[in-house]
Structure formats: C-alpha cells, structure tokens
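Worksheet for the structure shown next.
The values are calculated or read from the model by the stated rules, or taken from the named source; none is laboratory data. Please read all numbers here as calculations on a predicted model, not as lab measurements. All Cβ positions, even for glycine, are placed from backbone atoms using ideal geometry, and neighbour counts span all protein chains on display.
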Amino acid sequence: MHLKAGRRFASLRTVLFSIAVALAMGVMADACAIDVDPADYVPAPAGTTAGLLYQQHAERDASYSGGNRNPGNPLLTSDVTILRLVHYMNIGGYIVGPQVLLPFASLRSGRDIRALGSENALGDLILAAPVWLVNDPSKSTFFAVAPYLYLPTGSYSDSRALNVGENRWKFDLQAGLVQQISGPLYLDLTGDVMVFGKNNDYGSGRGSMSQAPLYQLQSYLRYQFSAATNASAGLSRTWGGETRVNGVDNHDQPNQLKISFGGSTFVAAKTQIMGSIGRDLSVGNGFKENFRLNLRLLQIF
C-alpha cells in the first residue's frame, strides 16, 4: 500500500515537472509582452529625448491547463530590468518616436519545481517606432500605430528549462488611443497582434517550435489630479498564441485576464516616477501571477 502511494507520488512529481518545463519556457514571452503604461500614447514634442528604467517583479504560485489548476505547489518568480531610450521627431508632419529596449531578467524556481533552477541573463533586444496619426492636444485626442521588432539576441540554450532569450524573431503591431472623457478623466485603449518566427532549437529534443498569432487588448481609466500627477486602473485580456512543437498542437492558449492599479508623478520638471501593482484574475494555460509590482523612472533630456 505504501509502495503504491510512493509510486503515485513520484509519478505526480514527474508530471508536474514536465508541465513546469513547458510553461516556464513561455515566462519571458509573457514578461516581455507589449504592456503599456497609462499615457504612453501621449507623445512628447519633437526633439525630446527620454530615458526610462523599468523594474518589474512578479510571483507565480499556480499553473493551469485548459482552465483547470494543475496539482502541486510550484513557485516561479521573475525580476526584469528594462532600459529604454526614446527620441521624438517630426517626419512629414507626423510625430515619430524611434526607440530601443534592452531587458535583463532573473528567473527563479522553487517548491515543487525547484529542480528547474534559475537563470540570470540579457533578454532579446527590441526596436520600435510609434507613429502618431492623430496628435490633437486641443481635444486631448492621440492615436498612434507602433511596430515592435524583437531580435533573437538574448541568452538561450536548449539544455535549460528557464531561458531569458527566446531564440526566435518576433514582430508586434500595436495601436493606441488616448482620449479625454470629461475633465480630469481619460481613457487609454491599446490593441496589438504579435507574430512569431520559429525556434528550431527548442527544448532538450531540439525540436521546431512555432506559435500562432497572439492578441492583446488593454484599457486604462486615468484620473489627472494635476498636469504632473495621476492615478489609474487597468484591465488587460490576452488570447491566441497556441504553440506547436514538431507539428503537434500544445493546446496552450493563455486566455489571460489581469488587473492593475497605479499612479505617477513628476518629482522634478524632467523626472517622473511611476508605480503599479497587479495580478492575474484568470489564466487558461500557464503560470498564474498572484502578484506583480512595476516601477518606472523617466528622465527627459
């Protein structure tokens, strides 16, 4: 009786480990998704250069498959630092903001999945250039389209369960609208679709991994207490993005719904600090975040 129970427990640990490996491979994809902050799509004047420093901490303590929670007690934490440089310019009467983003991440596993280990490395370099098709400060209306290109420059190894780089190209096309509703109340709406190149060195079997387009909608209600200070509440939905390995569907669409609350203020004429907290409300497949803290420092030059 005890022997059978021990075998069942060992088998459960094996299943949990296999699930964790598959899910952990996508952690950095989630961490580097094109999440926006409130007022991101309000452009600075042409000629402005801004440097941004992001620090993001997330904790995941449950994994899901098909909307059902998997057994076990996993723990996966990540700390991501992102350096971002933006320069705004006028091209043909349109404000354009070419920029470069460089992430560095620390991933750590624990509890039932501690055998996955940890990883500290540079992520994939990101290039972007939003173009403002509507830039009307008099009506507080702003609309831009932003292409993002991910280069496979980050650290990756098929022998590691946790990777910061993804070993594939990615392209994201995002559109963002900012509109004043009434007085100090603003609405930020953003939608995007991400398409993926193949990773032909995926996992210990060095398989070929492809992924269907991933979609995301984000919204914020923002209250401006003054020109320098605001508070916001946000809701985001992500779907699509099912992966295939060697032609076999993984049935792993994230179907993620998450919420956040935050605010920002200028502590000096050219220096802004921003912070937010959030968590996943639901996840169809993958690790569920039970806590996220985002901090951002913006410096205008």
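Matching residues to (1) in a strand (DSSP E or B); (2) modelled with pLDDT of 95 or more; (3) under 22 Å from Ser63 (Cα atoms):
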position	(1), (2), (3)
Tyr223	yes, yes, no
Ala227	no, no, no
Ile259	yes, yes, yes
Thr265	yes, yes, no
Ser276	yes, yes, no
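Being over 22 Å from Gly241 (Cβ atoms), touching a helix residue (DSSP H, G or I) at 6+ places or on another chain (Cβ under 7 Å) and assigned to a strand (DSSP E or B) is true for just one of Ser109, Ser78. Which residue is that?
It is Ser109.
Kindly evaluate Ser236 against the criterion of being more than 21 Å from Tyr150 (Cβ to Cβ), surrounded by 20 or more Cβ atoms within 10 Å (Cβ to Cβ) and of a type in the set (Gly, Ala, Ser).
No: the conditions fail for Ser236.
Residues being outside any strand (DSSP E or B) and touching a strand residue (DSSP E or B) at 6+ places or on another chain (Cβ under 6 Å): count how many of those fall in the stretch 168-188. Full working, then the answer.
Narrowing the stretch 168-188 to residues outside any strand (DSSP E or B): 168-169, 183-184.
Of the ones still in play, those that are also touching a strand residue (DSSP E or B) at 6+ places or on another chain (Cβ under 6 Å) are 168, 184.
Selection size over the stretch 168-188: 2.
Select the strands (runs of 3 or more DSSP E) contained entirely in the stretch 113-167, then report the ones holding at least 1 residues which are farther than 19 Å from Leu83 by Cβ, of a type in the set (A, V, I, L, M) and under 22 Å from the mean Cα position of the chain (by Cα). Reasoning before the result, please.
Numbers: elements: 118-122, 126-128, 131-136, 141-150.
Passing ranges, in order: 131-136, 141-150.
Is it the case that the stretch 258-281 has a residue that's in contact with a helix residue (DSSP H, G or I) (Cβ under 9 Å, 6 or more places away or on another chain), in contact (Cβ under 8 Å) with a residue 24 or more places away in the chain and small (Gly, Ala, Ser)?
In the first step, residues of the stretch 258-281 are kept if they are in contact with a helix residue (DSSP H, G or I) (Cβ under 9 Å, 6 or more places away or on another chain); the result is none.
No - not one qualifying residue is present in the stretch 258-281.
Do you know which residues across the stretch 251-264 are closer than 15 Å to Asp188 by Cβ and under 14 Å from the mean Cα position of the chain (by Cα)?
Looking only at the stretch 251-264, we keep the residues that are closer than 15 Å to Asp188 by Cβ, and these are 259-264.
Ile259, Ser260 - these are the residues of the stretch 251-264 that are closer than 15 Å to Asp188 by Cβ and under 14 Å from the mean Cα position of the chain (by Cα).
Yes/no per residue for (1) at pLDDT 95 or above; (2) crowded, with 17+ Cβ neighbours inside 10 Å:
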residue: Ala46; (1), (2): yes, no
residue: His57; (1), (2): yes, no
residue: Ile82; (1), (2): yes, yes
residue: Val100; (1), (2): yes, no
residue: Asp112; (1), (2): no, yes
residue: Gly117; (1), (2): no, no
residue: Asn120; (1), (2): yes, no
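Take the residues in the stretch 220-230 that are surrounded by 15 or more Cβ atoms within 10 Å (Cβ to Cβ) and free of Cβ contacts under 8 Å to residues at least 40 places away in the same chain, then tell me which one is farthest from the chain's Cα centre (by Cα). If you could, list the steps in order and put the result at the bottom.
Applying the first criterion (surrounded by 15 or more Cβ atoms within 10 Å (Cβ to Cβ)) to the stretch 220-230 yields 220-224, 230.
Next, from what is left, pick out any that are free of Cβ contacts under 8 Å to residues at least 40 places away in the same chain: 221, 223.
Numbers: Leu221: 20, Tyr223: 24 Å.
Applying the filter and picking the extreme gives Tyr223.
So Asn290 passes all but one of these: (1) surrounded by 14 or more Cβ atoms within 10 Å (Cβ to Cβ); (2) over 14 Å from the mean Cα position of the chain (by Cα); (3) assigned to a strand (DSSP E or B). Which condition number does it fail?
(1)
For the condition surrounded by fewer than 14 Cβ atoms within 10 Å (Cβ to Cβ) and either of a type in the set (Val, Ile, Thr) or over 17 Å from the mean Cα position of the chain (by Cα) (or both), what is the one hit in Val248, Val283?
Sole residue among the options that is surrounded by fewer than 14 Cβ atoms within 10 Å (Cβ to Cβ) and either of a type in the set (Val, Ile, Thr) or over 17 Å from the mean Cα position of the chain (by Cα) (or both): Val248.
Which residue out of Gly207, Gly197, Gly176, Gly154 is surrounded by 15 or more Cβ atoms within 10 Å (Cβ to Cβ) and touching a Lys or Arg at 6+ places or on another chain (Cβ under 6 Å)? Walk me through it before giving the result.
On the way: Gly207 fails: touching a Lys or Arg at 6+ places or on another chain (Cβ under 6 Å); Gly176 fails: touching a Lys or Arg at 6+ places or on another chain (Cβ under 6 Å); Gly154 fails: touching a Lys or Arg at 6+ places or on another chain (Cβ under 6 Å).
Testing whether each residue is surrounded by 15 or more Cβ atoms within 10 Å (Cβ to Cβ) and touching a Lys or Arg at 6+ places or on another chain (Cβ under 6 Å) leaves just Gly197.
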